[in-house]
Amino acid sequence: MARLLLGVSGGIAAYKALELARLATLAGHGVRVLMTETATRFVGAASFEGIVGAPVLTSEFERDPLRGAFPGEEQPGHDPIGHLELAGRCDAYLVAPASANTISKLAAGAADSMLTTSFLACTAPRLLAPAMNDRMYADAATQANLATLRERGVEVIEPGEGKLASRGEFGRGRLPDPELLLARVEAALPAGDRPWDGLRVLVTAGGTREPIDPVRFIGNRSSGRMGIALAAAAAKRGAEVTLLAANVALPAPAGVRRVDVETAAQLAAAAGEEFAEAHVLLMAAAPADFRAASPAAGKLRRSEGLELALEPTEDILAALASRRRDGQSVVGFAAEHGGKAIERARDKLERKGADLIVLNDVSNPEIGFESERNAVTLITAGGENEVPIDSKEAVAEAILDEVDRLRAKASRPSA
Ligand code: CTP
């Protein structure tokens, strides 16, 4: 869990910083927010305070009621020099949005607010996400200021191109999406500070295709979205992630090693190779349970008719779980359709030898396969934990939290 300092300067995009603060807090980071006076004219400090659970500071003369502590930390006994404390203790400092005015001050080394003073005093990785009108962004003064800051080691997160706040205007100057901003800050965190640093995670995603002939296959509706969200969440926590993607059209998250496979046999072979090195297996893929016993070498003709003999595929999860060694966590997924879903998933937990089964009730059309949202029940030997409907990213975080709990329990000596 990192201590993140978020500087918010004045601009319409300040509202997006609220979502960034929410996502960072949800990911388990301790977030403190510094706002310029101008920023408080765009969004209220109370919103940030509610989201991160800590007071917002604006002026360097203000007393910090938390004495430089981040949410989740104990307050120090003494009252430190306020404007140096947060900057000195954070693991990364991101200014988002960074207005043209704030960028010019930071480039000049001004120290006229809590945000600018802290920036000057911060030795942790510093990042800036400029957001402004495209002409202001393109102006030589802004570009020279950004070049100066880059030379000094500040990471500038390029604004996106698209519709701008003023009606009818289009160009470069949009603040990137909060998810991307968070990913960039997390990537900038010093190695060793992230909770899953040193862990190797193997994720399978998508649905396999079992050939009937060279053009037809037996497939399923798994999009790979849940597996991708898990891979992204594990990478954000610092893990080294390998994604075995079975027919996944979506791109792999940044920093994740991707290996493409097509059939259950290929997935079994690739997973078999990678599993020995992994600490955590997240078996989110939907491998086919059956394949054609003898796929045709040439395209079958309709006029010839078709009788398909099927044979079962290997149960990859069960096979991997049976050869697990100490320190490996095995997570399986169960897509059940209504009634007795929990009993069936619990049976799967035992039968397949997994530590956790993530149960997905696919009879609910709002969640599952192609949807962006999901709701699951986490089933372990110890009990059940409901994760209510949310984005697949938030559900992925909840699954990884459960893996954390299981690993902590497994590493504790038994009483
Ligand atoms: N799985 C696997 N290999 C297969 C089929 C499934 O590793 N050939 C994994 C899936 O990735 C998932 C879990 O097993 O993590 C649950 O899959 P499911 O098909 O629901 O399990 P089955 O054992 O086929 O159960 P059922 O009797 O309900 O079909």
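The values are calculated or read from the model by the stated rules, or taken from the named source; none is laboratory data. Source: prediction; values computed, not measured. All Cβ positions, even for glycine, are placed from backbone atoms using ideal geometry, and neighbour counts span all protein chains on display. Ligands, DNA and RNA are excluded from the accessible area calculation, which covers all protein heavy atoms including side chains. Shrake-Rupley method; radii C 1.70, N 1.55, O 1.52, S 1.80 Å.
Express as a percent, rounded to the nearest 5, the fraction of DSSP beta bridges in the stretch 200-411 (both residues included) that run antiparallel.
35
With a probe of 1.4 Å, find how much accessible area the stretch 3-188 has per residue, and write the answer as a whole number in Å².
44
What FRET efficiency comes out for Leu310 versus Ala410 if R0 is 22 angstrom and r is the Cβ-Cβ distance? Round to the nearest 0.05.
Values: r = 38 Å, r/R0 = 1.73.
Efficiency, from the Cβ-Cβ distance: 0.05.
Can you order the peptides 5-12, 285-292 by their average number of other Cβ atoms within 10 Å per residue, highest first?
5-12, 285-292
So in the chain, what percent of DSSP beta bridges are antiparallel if you round to the nearest 5? Could you put the intermediate results ahead of the total?
Numbers: 19 of 63 bridges.
Within the chain, antiparallel bridges account for around 30 percent of the total.
Compute the relative contact order of the chain as a whole-number percentage, counting only Cα pairs closer than 8 Å that sit 6 or more residues apart in sequence.
11
Quick one: helix 225-236 against the long Cα principal axis of the chain, what's the angle to the nearest 10°, folded into 0 to 90?
That works out to roughly 50 degrees.
In angstroms, what radius of gyration and Dmax does the stretch 3-188 have, counting Cα atoms only?
Answer for the stretch 3-188, Rg first and Dmax second: 15.4, 54 Å.
Nearest 10 degrees is fine. How inclined is helix 178-188 to the longest principal axis of the chain, computing both from alpha carbons?
So the inclination is approximately 80 degrees.
Cα axis of helix 140-151 to longest principal axis of the chain: angle in degrees, 0 to 90, nearest 10?
70
Just name one of Leu189, Ala39, Thr208: the one whose Cα is farthest towards the positive end of the charge dipole of the chain (beta-carbon charges, Lys/Arg +1, Asp/Glu -1).
Of the candidates, Thr208 comes out farthest on the positive side.
Can you classify the stretch 305-393 as rounded, prolate or oblate using the Cα gyration tensor, where a ≥ b ≥ c are the square roots of its eigenvalues, rounded means a/c under 1.5, and otherwise it's prolate if a/b beats b/c and oblate if not?
Values: a/c = 1.85, a/b = 1.05, b/c = 1.77.
Oblate, since a/c reaches 1.5 and b/c is not below a/b.
Over 29 Å between C-alpha atoms is what I'm after, so list which of Lys352/Lys409; Lys16/Lys409; Lys236/Lys340; Lys105/Lys392; Lys163/Lys392; Lys236/Lys409 land there.
Lys16/Lys409; Lys236/Lys340; Lys105/Lys392, as the Cα separations exceed 29 Å there.
Would you please put 398-404, 14-20, 254-260 in order of how densely packed they are, using the mean number of other Cβ atoms within 10 angstrom per residue and starting with the highest?
14-20, 398-404, 254-260
Can you give the accessible area per residue of the stretch 200-411, in Å², using a 1.4 Å probe?
On a per-residue basis, the stretch 200-411 sits at 48 Å².
For the chain, what is the per residue volume of the convex hull drawn over the alpha-carbon atoms, in cubic angstrom?
186
Out of the total accessible area of the chain (probe 1.4 Å, heavy atoms of protein only), what percent is carbon and sulfur?
Carbon with sulfur: 51 percent of the solvent-accessible area.
With the Cα gyration tensor of the stretch 89-247 giving a ≥ b ≥ c as the square roots of its eigenvalues, does the rule (a/c under 1.5 for rounded; else a/b larger than b/c for prolate; else oblate) give rounded, prolate or oblate?
Numbers: a/c = 3.79, a/b = 1.76, b/c = 2.16.
In terms of gyration-tensor shape, oblate.
Go through 179-191, 28-40 and give me the packing order, highest mean Cβ count within 10 Å leading. Walk me through the numbers before you get to the answer.
Working: 179-191: 18.4, 28-40: 23.0.
Result, highest mean first: 28-40, 179-191.
Just the number: Rg to Rh for the stretch 200-411, Cα atoms, Kirkwood Rh, two decimals.
Rounded to two decimals, Rg over Rh is 0.98.
Answer rounded, prolate or oblate for the stretch 103-173, using the Cα gyration tensor with square roots of eigenvalues a ≥ b ≥ c: rounded when a/c is under 1.5, else prolate when a/b is larger than b/c, else oblate.
prolate
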